[in-house]
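For reference, the structure discussed in these notes is given below.
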Amino acid sequence: MDAQPAVFEHPEFDHHAEVIFLCDPASGLRAVLAIHRTTRFAGGSGGCRMQPYPSSGAALTDALRLSRGMSYKLAMAGVPIGGAKMVVIGDPAKDKTEALLRAIGRAVERFNGRYVTGGDVGVGGPDLDIIADETHYLVRPADGGDASEATALGVLRAIERSVSRHLDGAALDGLTVGVQGLGHVGRRLCDLLAERGARLVVADPRADLTDAVAEAHGAEVVDPDALLSSDLDVLAPCALGAVLNDATVPELRCRIIAGAANNQLATPAAADALAERGIVYAPDFVVNAGGALTSSQRARGEAVDVESLEAIAKNLDAVYDLAEAEAISTHEAAERVARERAPHLA
Ligand code: NAD
């Protein structure tokens with residue numbers, strides 16, 4: 001008999017409060033909902049992602065990692081809510097039908113607020129209108145937009161803080177920044193970096209996206225496989241997770257890593273390997289908290305208040321200070337800072 005995906009024994013389990021497998025044969029919905037923590041005040045919150053996972057085990061692993069990451073991001077941002085994530089198994093380009101989106105909404109509604117959803121990779125824009133028809137428990141900006149503007153501004157602030165702290169006070173002007181992934185966040189980040197005089201090296205499997213950034217900013221386009229080993233001052237991973245792993249860390253030729261992608265480290269050991277190589281890693285859940293920090297502004301339909309993103313620079317300082325004082329990786333330091341702020345993570 002095939003091994004079943006173990007949940008309690010799963011290496012990423014981390015005492016999740018709830019892990020639910022969702023199935024709706026009529027629409028083809030197959031999904032995993034992971035609620036990492038709930039608090040006295042609220043259930044778990046985190047977007048809904050859709051990807052063609054190769055197996056239900058891969059979907060489970062991603063859901064567990066993403067919901068845990070949400071808990072740490074929210075804790076670091078001072079939001080007293082636990083993290084959660086729903087991952088839907090399927091190819092958004094082929095399988096994302098109205099019936100499937102409605103089934104997602106109905107599933108979310110059944111949890112009565114114990115899980116609050118939103119957009120994520122593969123689910124966004126008009127999809128959220130359909131999901132919102134079926135559930136009260138969906139957060140999105142009043143203007144119908146998404147969090148990516150705030151996220152990109154937050155990543156920029158993290159890059160600026162990391163550069164000023166670790167590259168002898170250098171400004172972005174003249175520095176080479178590699179942006180992996182030119183989707184909602186990566187494209188906006190490129191615009192912001194170019195405005196500040198950074199030289200861009202970019203990669204995305206979609207040629208229309210790389211062509212647009214090359215044309216707008218004179219960016220150098222490289223193959224997705226080549227970006228990580230390009231000569232860079234800063235690498236900004238803005239695609240998918242686990243890009244920093246046993247195979248890639250030895251190949252990196254950058255001085256700082258600060259980007260939007262969730263779960264950039266394949267394992268915590270990758271953070272130690274980066275530290276050993278003298279590469280500064282700005283922990284993803286500190287860097288990509290722009291959406292969490294501005295969610296109340298955006299829910300009111302207000303423009304993003306850039307001042308509120310200063311918290312990202314302050315949080316990074318706390319992380320870098322602790323990592324230096326204790327001679328630990330920045331990842332471990334960030335988790336410790338988050339746990340001190342949010343007892344429900346312990
Ligand atoms: P997106 O789906 O709009 O963009 C991702 C891009 O990465 C796509 O253009 C895709 O073609 C590209 N890509 C895929 N594989 C690649 C590879 N191997 N090399 C280079 N590019 C590749 O997603 P997004 O909203 O821009 O988010 C990017 C990342 O940031 C995701 O990991 C997401 O979870 C995380 N994040 C996003 C937000 C947000 O506000 N959107 C907030 C926090 C974290």
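Examine segment 88-109 for a residue that is within 30 Å of ALA334 (Cα to Cα), surrounded by 21 or more Cβ atoms within 10 Å (Cβ to Cβ) and not assigned by TED's automatic domain parsing to the domain that holds LEU293, and state whether such a residue exists. Yes, some residue in segment 88-109 is within 30 Å of ALA334 (Cα to Cα), surrounded by 21 or more Cβ atoms within 10 Å (Cβ to Cβ) and not assigned by TED's automatic domain parsing to the domain that holds LEU293.
Residues of segment 229-239 being touching a helix residue (DSSP H, G or I) at 6+ places or on another chain (Cβ under 7 Å) and more than 21 Å from VAL286 (Cα to Cα), which ones? Steps first, please.
At the first step, the residues of segment 229-239 found to be touching a helix residue (DSSP H, G or I) at 6+ places or on another chain (Cβ under 7 Å) are 229, 234, 236, 238.
Matches in segment 229-239: SER229 only.
The number of residues in segment 115-134 being assigned to a loop (DSSP other than H, G, I, E, B) and crowded, with 20+ Cβ neighbours inside 10 Å comes to 5.
Can you pull out every residue in segment 211-270 that is assigned to a loop (DSSP other than H, G, I, E, B), among the acidic types (Asp, Glu) and within 13 Å of the ligand (Cβ to nearest atom)? Don't jump to the end; show me each part of the working.
Let us first name the residues in segment 211-270 that are assigned to a loop (DSSP other than H, G, I, E, B), namely 218-219, 222-223, 228-230, 232-233, 238-243, 245-248, 252, 254-255, 258-264, 266-267.
Those left that are additionally among the acidic types (Asp, Glu): 223, 233, 246.
Listed by number, the list holds a single entry, ASP223.
If you go through segment 104-136 and pick out every residue that is within 13 Å of the ligand (Cβ to nearest atom) and among the β-branched types (Val, Ile, Thr), you end up with 2. If the condition is being more than 17 Å from the chain's Cα centre (by Cα) and either of a type in the set (D, E, K, R) or within 15 Å of the ligand (Cβ to nearest atom) (or both), then segment 271-297 contributes ASP272, GLU276, ARG277, GLN297.
Consider LEU189 carefully, then state whether it is modelled with pLDDT of 95 or more, within 13 Å of the ligand (Cβ to nearest atom), assigned to a helix (DSSP H, G or I) and surrounded by 17 or more Cβ atoms within 10 Å (Cβ to Cβ). In short, yes.
Scanning segment 16-39 for residues that are touching a residue at least 12 places away in the same chain (Cβ under 8 Å) and part of a loop (DSSP other than H, G, I, E, B) gives HIS16, ALA17, ALA26, SER27, GLY28, HIS36, ARG37, THR38, THR39.
The values are calculated or read from the model by the stated rules, or taken from the named source; none is laboratory data. Please read these numbers as outputs of a predicted model, since none were measured by experiment. Counting neighbours? That spans all protein chains shown, and the Cβs are built from the backbone with ideal geometry, glycine included.
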